[in-house]
Amino acid sequence: MRSAILAFVMGVWCLQQMPQLPDWYWAILLPLMLLPVWLMPRRLQPGKDFFLLIFFAGLGLFWATFVAQLRLSDALPHEWEGQDIQLIGVVASLPQIQEHGERFLFDVEQVETADAPVPQHISITRYFAGYRDSVPRSAGSEFRPGERWRLTVRLKQPHGSYNPQGFDFEAWALERNIRATGYIRKSPDNTRLQQLVYRPAYLVERVREQVRQRFQSVLKDAPYAGVLRALVIGDDDAISDTDWEIFRRTGVVHLMSISGLHVTMVAGLAFALVFALWRRVEWLALRLPARKAAALSGLVAAGIYSMVAGYAVPTQRTFYMLAVVAAALWSGRTVSFSLVLCWALLAVVLIDPWAVLAPGFWLSFGAVSMLGYAGSNRLMRPGWLREAAHAQWVVTIGLTPLLLVLFQQVSIVSPLANAFAIPLISLVVTPLTLLGAVIPFDFILHAAHAVMACCMWLLRACADLPVAVWQQHAPTVWTVLVAIIGVLWLLLPRGFPVRWLGGVALAPMFLLLPAHPLPGELRVAILDVGQGLAVVVHTARHALLYDAGPRYSEDADSGNRIILPYLQRSGINRLDGLVITHDDVDHTGGAASVMRGIPIDWLTSPLPEIHPLSGFVARQLRCFAGQSWVWDGVRFDMLHPTWESYSAERLKDNDRSCVLKISSPYGSLLLTGDIERVSEMELLERDESVLSTDVLVAPHHGSKTSSTQPFVDSVHPKITAFTVGYRNRFGHPKAEVVERYRSLGSAIYRSDTDGALLVDFAAGQRAAVRASRRVQPRYWQNAEWSLAEPAITD
């Protein structure tokens with residue numbers, strides 16, 4: 001049974017790696033897999049088992065295909081993107097206050113706009129004021145869960161930035177059944193039709209809202225009120241990015257949202273209370289054994305807590321495990337730990353086939369599996385203190401390969417931090433917070449917050465240690481597999497010979513570094529940051545960042561969300577140079593995060609001396625035409641602006657963008673920032689010959705004020721990249737601009753349709769381009785997005 005369940009889960013995982021859903025006629029092969037099982041003689045049992053596992057793997061694959069096809073069929077057509085549509089539906093989630101407004105899920109019940117096919121589950125935003133106007137997080141919400149509204153909205157298909165091994169928003173939205181995103185249009189027809197729709201899911205959300213309102217009224221602006229809310233209702237958005245960074249550095253993230261430990265604690269408390277009372281009432285104990293009643297009560301308590309908490313993967317896993325244990329207790333059977341875990345695994349992937357894509361899925365099941373493996377077949381049980389220390393060791397060493405694959409970092413201080421955080425948060429803070437959410441005595445919540453504040457003080461001290469975190473590149477697949485085998489060997493019982501060999505097996509994961517370009521070669525990553533620009537240039541021993549992309553919100557920007565993770569995965573632990581082309585938020589928005597997150601030798605830009613970014617980098621200078629340097633056989637030449645342009649007060653910031661040409665023996669790249677017609681003509685007048693290049697990042701995202709015909713003719717790129725956001729409000733790139741490059745035979749790439757572009761300049765592959773959406777296609781990506789022409793290679 002265990003092998004069959006694991007094979008089923010493997011089939012589900014395989015489906016999530018496919019570029020397109022398999023055709024249904026392949027399903028007729030499934031019954032054929034059972035024929036050898038029926039026809040083979042008993043002496044060939046291994047062969048029969050093999051075909052049986054293939055059958056269950058195929059069953060998992062086609063189950064996931066069936067669920068995916070149902071969900072993908074509920075889609076918003078392209079022709080209805082950006083159109084005003086009037087809907088009637090119900091607010092299906094707790095609204096989340098953001099920088100510019102509030103966002104919530106909306107269940108569509110009726111579409112009043114004729115012939116408009118709208119998905120049943122969408123995510124919409126109400127902007128409090130203008131799009132660029134910020135609002136405090138304490139601002140009130142106009143919408144409440146369970147309300148029925150008539151709204152006029154504009155929608156688009158789910159679409160996010162797509163970078164190598166980065167966060168996939170489209171997969172995330174598909175898993176949560178969010179089939180369109182958009183915003184509410186101002187209209188006199190926007191009306192609340194009903195105060196509350198009485199359905200279980202909406203009632204649960206209304207309870208969560210009431211809990212949040214109680215916390216806000218009691219704790220107000222207390223610094224860790226968001227953490228307490230997360231512990232009760234799973235409202236992780238209430239935790240600040242600063243606190244999340246402390247939790248990541250100390251390895252206690254699993255405690256700061258609803259974890260399996262918390263669900264088990266609630267179930268255990270309910271079990272103990274009911275068991276203690278039930279067995280003392282004779283007529284109750286005679287009708288139903290106290291142990292069975294306590295098990296049922298614990299399961300119900302865990303279920304209620306899980307639903308109020310948002311029902312995330314760790315919560316699901318724990319609830320299903322408790323359900324299996326309760327069922328075994330009721331049936332009078334003894335069930336092994338591994339079977340309980342496998343049944344929980346099956347339940348999770350049956351209900352949510354996309355759970356296998358979530359880091360929490362692998363970390364939660366991985367942690368429990370390691371604890372079960374390390375604690376099995378022991379002759380005697382150690383004392384509680386030694387057992388707790390051993391559990392910390394097992395989880396730390398056991399999850400190291402997964403953490404390096406998923407996040408490229410491991411907390412060194414995690415055992416120390418968890419040693420005090422687990423008892424404080426799980427046994428003191430969480431029970432007090434749950435009690436304070438139910439009982440209207442404010443001092444309970446204040447006590448919980450005081451304990452949490454003490455815990456945060458200790459965690460911050462751990463996080464500030466210089467050796468708090470080990471960060472490195474993303475390890476290759478084979479080193480991770482070897483490391484997992486090494487971990488299993490290392491965790492064998494004491495007395496097993498040469499256990500130290502397990503530690504040796506971990507070494508390749510740390511020591512095998514990513515391949516760097518050879519001298520003279522050049523590797524370029526034109527990252528997908530939406531409507532903005534960020535380019536990483538990597539030579540044999542140097543790295544340069546050209547622009548730092550946009551800012552998304554007060555807590556999120558392309559620096560901390562995209563650029564730093566990419567640098568870390570690529571094994572780049574410092575930048576030799578940073579070029580900020582000009583003072584526009586879509587080019588500077590992520591700069592502060594990058595400067596705080598990685599050492600930088602020097603910064604060059606046209607920014608004024610008094611600027612918010614001043615002071616982050618010790619060596620700063622202005623960019624101007626004539627600057628040049630050579631790194632590892634690759635030449636860098638600054639072509640614009642002129643030094644005299646800094647005295648021209650009326651010159652637009654765009655036309656003072658730093659223009660950089662990079663030349664290697666295997667091809668050249670021209671980076672143009674946001675220059676417009678004036679700067680293009682100036683470049684042509686100064687020296688037209690230096691503009692010719694193999695790869696061009698189009699000026700100003702392909703706006704109609706740039707890429708004039710003389711400039712395009714002089715540059716004559718073989719490959720042109722437009723860095724634009726999906727359905728951006730500027731309409732970039734303009735069709736006439738794209739056509740100018742296309743008419744010259746240039747291969748056209750767009751970050752919104754192709755994702756990040758990885759360009760290699762090396763012997764035998766002059767300007768070889770890999771578009772991320774082509775290299776790693778997935779079936780949930782809209783096929784119409786991948787319209788770019790194939791790369792040109794010499």
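The values are calculated or read from the model by the stated rules, or taken from the named source; none is laboratory data. Bear in mind the structure is a predicted one, so any value in this text is a computation, not a measurement. Neighbour counts run over all protein chains shown; Cβ positions are idealised from the backbone, glycine included. Side chains included, ligands, DNA and RNA excluded: accessible areas come from the protein's heavy atoms. Shrake-Rupley method; radii C 1.70, N 1.55, O 1.52, S 1.80 Å.
Relative to the longest principal axis of the C-alpha atoms of the chain, give the angle of the C-alpha long axis of helix 677-687, reported between 0 and 90° and rounded to the nearest 10°.
Orientation of helix 677-687: about 60 degrees from the principal axis.
Measure up Lys661/Lys704; Lys661/Lys734; Lys156/Lys186; Lys48/Lys292; Lys156/Lys652; Lys156/Lys718 against 29 Å on the Cα-Cα distance and list the ones that go over. It would help to have the intermediate numbers written out before the result.
Details: Lys661/Lys704 23 Å; Lys661/Lys734 24 Å; Lys156/Lys186 17 Å; Lys48/Lys292 40 Å; Lys156/Lys652 33 Å; Lys156/Lys718 33 Å.
The answer is Lys48/Lys292; Lys156/Lys652; Lys156/Lys718.
What is the spread of the Cα atoms of segment 274-330 along each of their three principal axes, largest first, in whole Å?
39, 22, 14
Quick one: which residues, 5 or more positions from Thr476 or on another chain, have an amide H under 5 Å from its amide H? H modelled 1.01 Å from N in the peptide plane, none for Pro or chain starts.
It is none; the list stays empty.
Ala768's amide H: which non-local residues (gap 5+, or another chain) put their own amide H closer than 5 Å, with H modeled 1.01 Å from N in plane and none for Pro or chain starts?
Distant-sequence amide H within range of Ala768: Asp760, Ala762.
Cα centroids of segment 579-604 and segment 183-227: how far apart, whole angstrom?
38
With +1 on the Cβ of every Lys and Arg and -1 on the Cβ of every Asp and Glu, and nothing else charged, how large is the dipole of the chain about its Cα centre, in debye rounded to the nearest 20?
3640
Please list 708-719, 278-289, 728-739, 155-166 highest first by mean number of surrounding beta-carbon atoms within 10 Å per residue.
Averaged packing, sorted descending, gives the order 155-166, 708-719, 728-739, 278-289.
Name the residue from Leu744, Val340, Ser217 whose Cα lies farthest towards the positive end of the charge dipole of the chain, charges +1 on Cβ of Lys and Arg and -1 on Cβ of Asp and Glu.
Val340
Would you kindly state how much longer the chain becomes between Ser628 and Val585 on full extension, computed as 0.36 nm times their sequence separation minus their alpha carbon distance, in nm to one decimal? Intermediate values should be presented prior to the final figure.
Values: separation 43, 0.36 × 43 = 15.48 nm, distance 2.65 nm.
Taking Ser628 through Val585 to full extension adds about 12.8 nm, to one decimal.
Taking only protein heavy atoms and a 1.4 Å probe, what accessible area per residue, in Å², does the chain have with all protein chains in place?
That works out to 46 Å² for each residue.
So how far, in whole Å, is the C-alpha centre of segment 628-673 from the one of segment 293-333?
62
For the chain, count all C-alpha to C-alpha pairs, find those more than 45 Å apart, and express that count as a whole percent of the total.
The calculated P(r) of the chain puts 32 percent of pairs beyond 45 Å.
Using a 1.4 angstrom probe on heavy atoms only, work out the carbon and sulfur share of the accessible area of the chain in %. Show your work: numbers first, answer last.
Numbers: 22570 of 36520 Å².
Carbon-and-sulfur percentage of accessible area, whole number: 62.
Taking the 0 to 90 degree range and rounding to the nearest ten, how far is the long axis of helix 359-375 tilted relative to the main principal axis of the chain, both from C-alpha atoms?
In the chain, helix 359-375 runs at an angle near 40 degrees to the longest axis.
If you count the DSSP beta bridges with both ends in the chain, what percent of them are antiparallel, to the nearest 5?
Values: 64 of 87 bridges.
Antiparallel bridges make up about 75 percent of those DSSP assigns within the chain.
Under a point-charge model restricted to the Cβ atoms of Lys and Arg (+1) and Asp and Glu (-1), what is the dipole moment magnitude of segment 687-789 relative to its Cα centre, in debye to the nearest 20?
Dipole size: approximately 440 debye.
Let me make sure I get this right: for segment 231-305, a, b and c are the square roots of the gyration tensor eigenvalues over alpha carbons, sorted descending. Under 1.5 in a/c it's rounded, otherwise prolate if a/b > b/c, else oblate. Which is it?
Prolate is the answer for segment 231-305, as a/c is 1.5 or above and a/b outweighs b/c.
Kindly write out, for segment 183-200 in residue order, the coupling ³J(HN,Hα) from the Karplus curve 6.51 cos²θ - 1.76 cosθ + 1.60 (θ = phi - 60°), rounded to whole Hz, with x marking Gly and Pro.
Going residue by residue, I get 9, 8, 8, 5, 7, x, 7, 5, 9, 7, 9, 8, 5, 7, 9, 7, 10, x Hz, with x marking Gly and Pro.
By how many nm would the segment from Ala648 to Ser240 lengthen if fully extended, with 0.36 nm per residue of separation less the alpha-carbon distance?
That pair, Ala648 and Ser240, stretches by 142.6 nm at full extension.
Once R0 is set to 60 Å, what does the formula 1/(1 + (r/R0)^6) return for the Cβ-Cβ distance between His611 and Arg279, expressed as a FRET efficiency to the nearest 0.05?
Once the sixth-power term is evaluated, E becomes 0.25.
For a quick check: with amide H placed at 1.01 Å from N, whose amide H comes under 5 Å from Asp632's, ignoring anything fewer than 5 positions away on the same chain?
none
Assuming R0 = 51 Å, what is the FRET efficiency of Gln120 and Phe50, from their Cβ-Cβ distance, to the nearest 0.05?
E(calc), rounded to 0.05, equals 0.75.
May I ask you to derive the FRET efficiency for Trp330 and Val451 from their Cβ-Cβ distance with R0 = 35 Å, giving the value to the nearest 0.05?
Efficiency, from the Cβ-Cβ distance: 0.40.
Restricting attention to the alpha-carbon atoms of segment 1-118, what are Rg (one decimal) and Dmax (integer), both in Å?
Here Rg and the maximum Cα pair distance are 22.2, 69 Å.
Which one, Thr191, Met307, Leu76, is farthest towards the positive end of the dipole of the chain when Lys and Arg carry +1 and Asp and Glu -1 on their Cβ?
Sorting the options by dipole projection puts first Met307.
Ranked highest first by the average count of other Cβ atoms within 10 Å around their residues, in what order do 595-604, 694-703 fall?
694-703, 595-604
Report, in debye and to the nearest 20, how large the dipole of segment 559-624 comes out about its Cα centre when Lys and Arg carry +1 and Asp and Glu carry -1 on their Cβ.
My answer is approximately 280 debye.
Could you give log10 I(q)/I(0) at q = 0.17, 0.18, 0.23 Å⁻¹ for segment 435-558, computed by the Debye formula over C-alpha point scatterers of equal weight, without solvent?
-1.03, -1.05, -1.20
From Cα coordinates alone, what are the radius of gyration and Dmax values for segment 449-488 in angstrom?
When restricted to Cα atoms, segment 449-488 yields Rg and Dmax of 16.9, 47 Å.
List the extent of the Cα atoms of segment 278-407 along each of their three principal axes, largest first, rounded to whole Å.
The Cα atoms of segment 278-407 stretch 56, 38, 24 Å along their principal axes.
By average Cβ neighbour count within 10 Å, what is the ranking of 473-486, 525-538 from highest down?
Details: 473-486: 17.4, 525-538: 26.4.
Highest mean packing first, the order is 525-538, 473-486.
So what is the 222 nm mean residue ellipticity for the chain from helices alone, if each DSSP H run of at least 4 adds -39500 (n - 2.57) and you divide by all residues, rounding to the nearest 500 deg cm²/dmol?
-13000 deg cm²/dmol
Where the centre of each part is set by its Cα atoms, how far does segment 459-510 sit from segment 241-289, in angstrom?
Centre-to-centre (Cα) distance: 31 Å.
Contour minus end-to-end for Val775 and Thr191, with contour as 0.36 nm per residue of separation and end-to-end as the Cα-Cα distance? Working shown, then result.
Working: separation 584, 0.36 × 584 = 210.24 nm, distance 4.61 nm.
Here the segment from Val775 to Thr191 would lengthen by 205.6 nm.
Each residue of segment 470-484 in turn: what ³J(HN,Hα) in whole Hz from Karplus with 6.51, -1.76, 1.60 and θ = phi - 60°, glycine and Pro shown as x?
Going residue by residue, I get 9, 10, 7, 5, 6, x, 6, 4, 5, 5, 5, 4, 5, 5, 5 Hz, with x marking Gly and Pro.
Given the options Ala327, Pro550, Leu21, identify the residue whose Cα lies farthest towards the positive end of the charge dipole of the chain (+1 on Cβ of Lys, Arg; -1 on Cβ of Asp, Glu).
Ala327
To test your reading of the geometry: what angle, between 0 and 90 degrees and rounded to tens, separates the Cα axis of helix 260-278 from the longest principal axis of the chain?
Result, in degrees: 20.
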